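Just below is one structure, and these are the notes that go with it.
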Amino acid sequence: MIVMKFGGTSVADSQAISRVVSIVRDRLDQDPIVVVSAMAKVTDQLLTMARAAGSGDRKTALRLSRALRERHYNTAGELLGTALFTQFHNDLGIEFETLDELLRGISAVGELTPRTSDYVAAFGETLSSRIVAATMSAHGIAAQLVDSRECIVTDSTHTRAAPLFEETNDRLRSRLQPLLDAHILPVMGGFIGATKAGITTTIGRGGSDFSAAIVGAALGAQRIEIWTDVDGMMTTDPNLCSDARRIKVISFDEAAELAYFGAKVLHPATVLPAIHNNIPVQVLNSHNPDCEGTQIAARAPHCRNLFKAIAVKKRITIVDVAAPRMLLAHGFLKAIFEAFDRHRVPVDVVSTSEVSVSLTVDSNESIPALAADLAKLADVKYEGRKAIVCLVGENLREIPGIPARVFGELSDVKIRMISQGASEINLTFVIEEDAVPEVVRRLHKVFFSDLDPEVFA
Ligand code: ADP
Ligand code: ASP
Ligand code: MG
């Protein structure tokens, strides 16, 4: 059994979905389970309409929902042909009526809670999985839609709910194994789940990869395939640097580090259930299915090059907390981190001096409230439009002179924070967001020109 996960761009329109059908058909003898994301950009659009409704702007919310309805109807119409689409139209119609009802309710109350936001966001995967399942059937593949909310059981931390593995594994096995035994292809939406009480949740943006890994781990998959719109994990984001090259094999640890620091090709959590169960993960390109992609393995082969890849995470804010009075008194850091915890703002990079601490966070709307809270302890400043650059490679801690080589290339660049050594495999620093293209281009040229053919394509 294998799990095949198709991201938003791989189900973006009828052409993309047709490609998915033929890719899956080629692997039917391996008993696949298909996990799909919402069609490209749909989750963003759903969240925009939810926010519009939350601010009482019912008209905008319903207008956006109409556009989404059109797109899904058109896609399904193109894929299914008239006769089948007439039947299926009704199924989609019911979903959209429910969505509109919800948007009207939210705008009547004028408040969007994380719980209702999840309910709206979940429509993306519900709709795409319906269309993909119907298309598979229309092409003569015995397929069945499985509602992920019946199988993925989570806590109630809405918008980033954590799976309850015991319950989830039981339900996944009892729901999916009989289908596999009968050679029926299960098609599920990623990203969504439900609490024990059946309330819809989502497991974090980009979470369909995680769903695929959860499913793969529960059923003991031989392999998890993450199908996306690039040839695999590359030496850097190919949209940022056209010289990016494909990495043939990368270790779980390195992939996790890259994902965490912005290589959104793979969700960081994906690798965890896979690692624990020793399941290989492969990143593949649905636009170029013959390409071998990237193999994510427990241990990567030795690589001649210092670094495997450069990841970049934009939209970062630096929070500077300075407390001359405290002179880093006992308990100062604890108090600071407690404030971040209270506002549920995760921290990425930290650097400290005797009387101050700088931390980076994803830019978001909680920062002003967090800063006000921190201001009770110390002087606080925050500044957005920063980016984290992360170089990942094996054993960096053991090799002398790495920072000198990296920063030697960037002698004219303003570096705001530096972190190395927290893990053996990354060197991370923070720069102005505007400097990203130039910095990545320069580092890529120096460190990725002469590549080890065992590791890179
Ligand atoms: P999907 O819709 O398949 O989940 P994502 O948009 O989440 O796709 O991830 C794929 C994108 O990740 C690529 O289009 C690419 O721009 C971006 N990306 C960032 N860093 C990397 C990297 N190192 N290698 C490959 N892709 C990367
Ligand atoms: N559709 C969700 C998102 O856009 C999940 C995913 O694509 O993995 O975040
Ligand atoms: Mg993704």
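No value in this document is a laboratory result; all are computed from the given coordinates. Remember, predicted model here, so these are calculated numbers, not experimental data. Cβ sites come from the backbone with ideal geometry, for glycine too, and all protein chains shown count toward neighbours.
A few comments on the model shown:
- Shown here for region 52-120: GluC sites (Glu not before Pro) in loop regions (DSSP other than H, G, I, E, B) with at most 12 other Cβ atoms within 10 Å, namely E111.
- Gained length - T86 relative to R205, 0.36 nm times residue gap less alpha-carbon distance: 39.5 nm
- Cβ-to-Cβ counts within 10 Å put E454, E254 in ascending order as E454, E254, the fewest first.
- Beta bridges by DSSP in region 220-299, antiparallel share as percent, to the nearest 5: 35 percent
- The share of C-alpha pairs in region 353-401 whose separation exceeds 12 Å stands at 74 percent.
- Hydrophobic, long helices, defined as DSSP H runs whose alpha-carbon span along the helix axis is 24 Å or greater and whose mean Kyte-Doolittle value is at least -0.5, occur in the chain at 58-109.
- Packing around the peptides 227-233, 343-349, taken as the average count of other Cβ atoms within 10 Å per residue, puts them in this order, highest first: 227-233, 343-349.
- Dimensions in Å of region 353-457 - Rg and Dmax from alpha carbons: 16.8, 55
- Label-to-label distance, nm, for residues given as S174 and E433 (7 Å Cα→Cβ offset): 4.8 nm
- Pairs from the list K334/K414; K264/K313; K264/K308; K264/K314; K308/K445; K386/K414 with a Cα-Cα gap above 18 Å: K334/K414.
- Taking 7 Å steps out from each Cα toward its Cβ at D452 and H276 produces label points 3.0 nm apart.
- Positive contributions from Lys and Arg (+1) and negative ones from Asp and Glu (-1), summed over other residues with Cβ under 15 Å from the Cβ of R223, come out at -4.
- Shape call, the chain: gyration tensor on alpha carbons, a/c limit 1.5: oblate
- Relative frequency of Cα-Cα separations exceeding 29 Å in region 173-322, percent: 23 percent
- Extreme residue, positive dipole direction of region 266-340, given options N285, P324, I336 (C-beta unit charges): P324
- Of all DSSP-defined beta bridges confined to the chain, some 60% are antiparallel rather than parallel.
- For region 9-139: rounded, prolate or oblate by the Cα gyration tensor [a/c cutoff 1.5]: prolate
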